[in-house]
Amino acid sequence: MEKIGIFGGTYNPPHVGHLNIVSKFVAEYELDRVLIIPTFVPPHKVTPDLVPARDRLEMCRRTFSDPIFEVSDIEIERQGKSYTYDTLIELKGLYKKAQFYFLCGDDMLLSLHTWHKPKGILDYCTIVSTVRSDDLRLEDLEAYAKEYFPAEFLEGKIQFMPIEPLELSSTEIRKKRKNGESVEGLVTPATLEYIESGGLYL
Ligand code: ATP
């Protein structure tokens, strides 16, 4: 059965920190492919310096250029609120026989009980949470999973992947651009070219 990873984000812009974590995800879970899914961000939402979806999609294609990655516009096309549950339903229809692994940041995992239909999500995929923050240890994350989703946790539907995060965020990249600093090395060369030639984040 095909093993498909899912890695969503705003990707404003995608950077080498994303590439670093998703590479580990591919290796640890022996994934056959990974869907990179930029989220739709509604026009009225206050997101400073958000570049248009077509730019985020193109930067994702340039960042995640290995054939194992597939950049998907599924959430951007759907518009509205990007609920993970809805995305999974759509993906199930597209990849009927696949097994899905959903990569999620540890801070995000701790709000899983407030997401739209969390149990439905766990019916459709295995959640793989990173373990990275200094103050979020594996035991705390496991305690959370056991408290809110005991049956699913026992079934192995919530798993953990310790990572050595690169100290890097899209916010930092946007800030550097605003200050006229170079972001070389923080994004892939092809993405750098796109950002610079398009004058993004100035
Ligand atoms: P921003 O600074 O604009 O909030 P971001 O750099 O966190 O953006 P997102 O597109 O929001 O990027 O991130 C998508 C996913 O990647 C999230 O789950 C986030 O936890 C994870 N992520 C982002 N940066 C890193 C990093 N340096 N190391 C590991 N994971 C990361």
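Summary of computed values
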{"quantity": "Identity of the residue in the range 151-172, over 17 Å from the mean Cα position of the chain (by Cα) and not in a loop (DSSP other than H, G, I, E, B), that ends up farthest from residue 127 (Cα to Cα)", "calculated": "172"}
{"quantity": "Given (1) under 19 Å from residue 101 (Cβ atoms); (2) touching a Pro at 6+ places or on another chain (Cβ under 6 Å); (3) not polar (S, T, N, Q), number of the condition residue 59 does not satisfy", "calculated": "(1)"}
{"quantity": "Where residue 52 falls short, out of the listed (1) within 14 Å of the ligand (Cβ to nearest atom); (2) more than 20 Å from residue 121 (Cα to Cα); (3) not small (Gly, Ala, Ser)", "calculated": "(1)"}
{"quantity": "Top-ranked residue of the range 71-98 - restricted to ones that are surrounded by 15 or more Cβ atoms within 10 Å (Cβ to Cβ) and polar (S, T, N, Q), ranked as farthest from residue 4 (Cα to Cα)", "calculated": "82"}
{"quantity": "Any chance residue 122 is of a type in the set (A, V, I, L, M) and assigned to a loop (DSSP other than H, G, I, E, B)", "calculated": "no"}
{"quantity": "Of all residues making up the range 100-119, the number that are more than 17 Å from residue 8 (Cα to Cα) and either among the charged types (D, E, K, R) or surrounded by 15 or more Cβ atoms within 10 Å (Cβ to Cβ) (or both)", "calculated": "2"}
{"quantity": "Tally, over the range 12-32, of residues that are crowded, with 16+ Cβ neighbours inside 10 Å and either farther than 19 Å from residue 164 by Cα or in contact with a His (Cβ under 8 Å, 6 or more places away or on another chain) (or both)", "calculated": "3"}
{"quantity": "Among (1) within 20 Å of residue 186 (Cα to Cα); (2) more than 13 Å from the ligand (Cβ to nearest atom); (3) polar (S, T, N, Q), the one test that residue 23 misses", "calculated": "(2)"}
{"quantity": "All positions within the range 3-13 that are farther than 25 Å from residue 89 by Cβ and more than 6 Å from the ligand (Cβ to nearest atom)", "calculated": "13"}
{"quantity": "Check on residue 154, under 21 Å from residue 3 (Cβ atoms), in contact with a helix residue (DSSP H, G or I) (Cβ under 9 Å, 6 or more places away or on another chain), modelled with pLDDT of 95 or more and away from the ligand (no atom under 16 Å from the Cβ)", "calculated": "no"}
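Here's the yes/no breakdown for (1) more than 13 Å from the ligand (Cβ to nearest atom); (2) part of a helix (DSSP H, G or I); (3) in contact (Cβ under 8 Å) with a residue 60 or more places away in the chain; (4) within 23 Å of residue 189 (Cβ to Cβ):
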site: 56; (1), (2), (3), (4): no, yes, no, yes
site: 82; (1), (2), (3), (4): no, no, yes, no
site: 85; (1), (2), (3), (4): yes, yes, no, no
site: 97; (1), (2), (3), (4): yes, no, yes, no
site: 113; (1), (2), (3), (4): yes, yes, no, no
site: 116; (1), (2), (3), (4): yes, no, no, no
site: 127; (1), (2), (3), (4): no, no, no, no
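The values are calculated or read from the model by the stated rules, or taken from the named source; none is laboratory data. As the structure is a prediction and not an experimental result, all values here were calculated from the model. Here Cβ is always computed from backbone atoms with ideal geometry, including for glycine, and neighbour counts include all displayed protein chains.
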